[in-house]
């Protein structure tokens with residue numbers, strides 16, 4: 001599951017104590033486990049061994065260069081959604097020819113750059129986008145590899161803000177229209193119809209929505225493969241993680257417990273989908289992000305104040321919604337544990353940040369050990385959509401990030417200086433200091 005554990009009352013990331021890292025690098029601090037990243041990628045990769053497949057890590061979940069190099073060294077491809085992300089892949093040592101370019105709003109410049117770098121395919125979201133890609137490719141005298149993103153109108157039964165596969169969402173082309181879109185795309189001389197793609201949503205912890213969507217797609221995929229010599233079928237990402245109770249037992253026993261409780265694992269995912277996909281004769285792409293990075297990271301923060309107001313117990317920490325937006329944005333749950341283990345006596349607690357917003361909180365009315373000023377706590381499962389969604393709101397600098405490998409650790413993002421926050425701002429030429 002992950003490589004964070006208590007030893008002699010101290011929280012460790014692999015073989016390094018979390019306290020030693022936060023004392024060296026300060027807080028707030030993101031800490032990533034290379035062993036967890038590697039384990040999750042390899043579990044997923046090996047589970048799909050019967051299929052000709054490519055894992056394209058959805059780097060929007062965590063785009064730290066050291067995280068991405070870990071995955072590139074394992075042979076991972078990447079799912080990118082901007083020119084900046086593709087440039088990050090290349091900077092991290094990734095292979096552009098293993099990249100798919102997703103997103104509903106690709107600009108001409110982004111398309112041009114992706115084509116010059118030789119990406120594997122564009123996941124196309126609309127017919128106007130097909131026409132734009134064809135035009136740009138023509139100017140470059142290239143054939144642009146594309147896959148139409150199909151909206152299969154399957155409800156993933158996940159959070160409304162991360163559901164993508166129904167007709168209420170902005171993504172993809174309606175299932176009933178796809179065959180006609182391919183027929184028209186085949187007439188555009190600068191396109192290479194390489195594949196077909198779908199994605200129904202994120203944070204799915206049951207396999208049934210994947211099975212429903214793939215089963216619905218199969219006849220269409222077979223037909224389009226025959227007509228247009230398609231090479232691959234991307235079934236998207238969306239594999240969820242467990243945010244609660246992950247620290248209760250070791251990684252090996254957790255996977256066994258998850259399978260017993262029918263929680264989605266690489267094994268159950270592959271056992272369900274491989275029989276459906278094996279006979280297609282197509283390369284199968286998957287685009288997981290959170291599953292690989294989510295449980296690989298924690299956010300460590302220092303208790304600044306304890307404030308009691310009426311019946312409420314507020315623990316005010318030095319991390320805020322600009323460091324980890326998910327609770328404010330999605331009302332998301334992150335397990336919170338002390339870096340130095342305390343007695344089991346708990347008190348109902350709101351853990352909140354210093355930003356001037358009522359939504360700046362990490363938990364409400366949660367039973368937590370009694371905390372005091374100077375304690376450090378860790379927010380678990382923060383490796384996905386944590387630092388990647390960070391901002392400098394309230395002129396707060398971006399947090400530092402550390403990667404751990406066994407007993408070694410490295411600072412892989414220096415804490416942003418305050419002055420650098422406004423380094424690209426300037427005064428209007430008529431403004432004088434008074």
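Values for this structure:
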| quantity | calculated |
| --- | --- |
| Extreme residue, nearest to residue 86 (Cα to Cα), among residues of the range 135-152 that are buried (at least 19 other Cβ atoms within 10 Å of the Cβ) and out of contact with any helix residue (DSSP H, G or I) (no Cβ under 7 Å at 6 or more places or on another chain) | 145 |
| Selected residue (only one of 365, 375 is under 25 Å from residue 25 (Cβ atoms), modelled with pLDDT of 95 or more and surrounded by fewer than 21 Cβ atoms within 10 Å (Cβ to Cβ)) | 375 |
| Condition met for residue 293 (within 21 Å of residue 335 (Cβ to Cβ) and at pLDDT below 95) | no |
| Complete set of residues in the range 190-218 that are more than 21 Å from residue 58 (Cβ to Cβ) and assigned to a strand (DSSP E or B) | 191, 192, 193 |
| Selection count, the range 153-189, where residues are outside any helix (DSSP H, G or I), surrounded by fewer than 19 Cβ atoms within 10 Å (Cβ to Cβ) and modelled with pLDDT under 55 | 4 |
| Residue in the range 412-432 that is part of a strand (DSSP E or B) and at pLDDT 95 or above present | yes |
| Criterion: out of contact with any helix residue (DSSP H, G or I) (no Cβ under 6 Å at 6 or more places or on another chain), under 30 Å from residue 266 (Cβ atoms) and either assigned by TED's automatic domain parsing to the domain that holds residue 372 or not in a loop (DSSP other than H, G, I, E, B) (or both) - qualifying residue of 333, 305 | 333 |
| Of the criteria (1) more than 20 Å from residue 125 (Cα to Cα); (2) crowded, with 17+ Cβ neighbours inside 10 Å; (3) out of contact with any strand residue (DSSP E or B) (no Cβ under 7 Å at 6 or more places or on another chain), which one residue 202 fails | (1) |
| Test: residue in the range 339-349 that is in the same structural domain as residue 375 (by TED's automatic domain parsing), under 28 Å from the mean Cα position of the chain (by Cα), outside any loop (DSSP other than H, G, I, E, B) and under 25 Å from residue 31 (Cα atoms) | no |
| Every residue from the range 13-28 that is buried (at least 19 other Cβ atoms within 10 Å of the Cβ) and closer than 29 Å to residue 267 by Cβ | 13, 14 |
| The range 380-407, residues that are over 22 Å from residue 363 (Cα atoms) and in contact with a helix residue (DSSP H, G or I) (Cβ under 9 Å, 6 or more places away or on another chain) | 395, 397, 400, 401, 402, 403, 404, 405, 406 |
| Selected residue (criterion: nearest to residue 376 (Cα to Cα)) from residues of the range 308-318 that are touching a residue at least 24 places away in the same chain (Cβ under 8 Å) and not in a loop (DSSP other than H, G, I, E, B) | 317 |
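Table: residues versus (1) in contact (Cβ under 8 Å) with a residue 12 or more places away in the chain; (2) buried (at least 20 other Cβ atoms within 10 Å of the Cβ); (3) under 24 Å from residue 352 (Cβ atoms); (4) in contact with a strand residue (DSSP E or B) (Cβ under 6 Å, 6 or more places away or on another chain).
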| site | (1), (2), (3), (4) |
| --- | --- |
| 263 | yes, no, no, no |
| 268 | yes, no, no, no |
| 288 | yes, yes, no, yes |
| 302 | yes, no, yes, yes |
| 320 | yes, yes, yes, no |
| 327 | yes, yes, yes, yes |
| 330 | yes, no, yes, no |
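The values are calculated or read from the model by the stated rules, or taken from the named source; none is laboratory data. Values in this document were obtained by computation on a predicted structure and should not be read as measured data. Note that we place each Cβ from the backbone using ideal geometry, even for glycine, and neighbour counts take in every protein chain shown.
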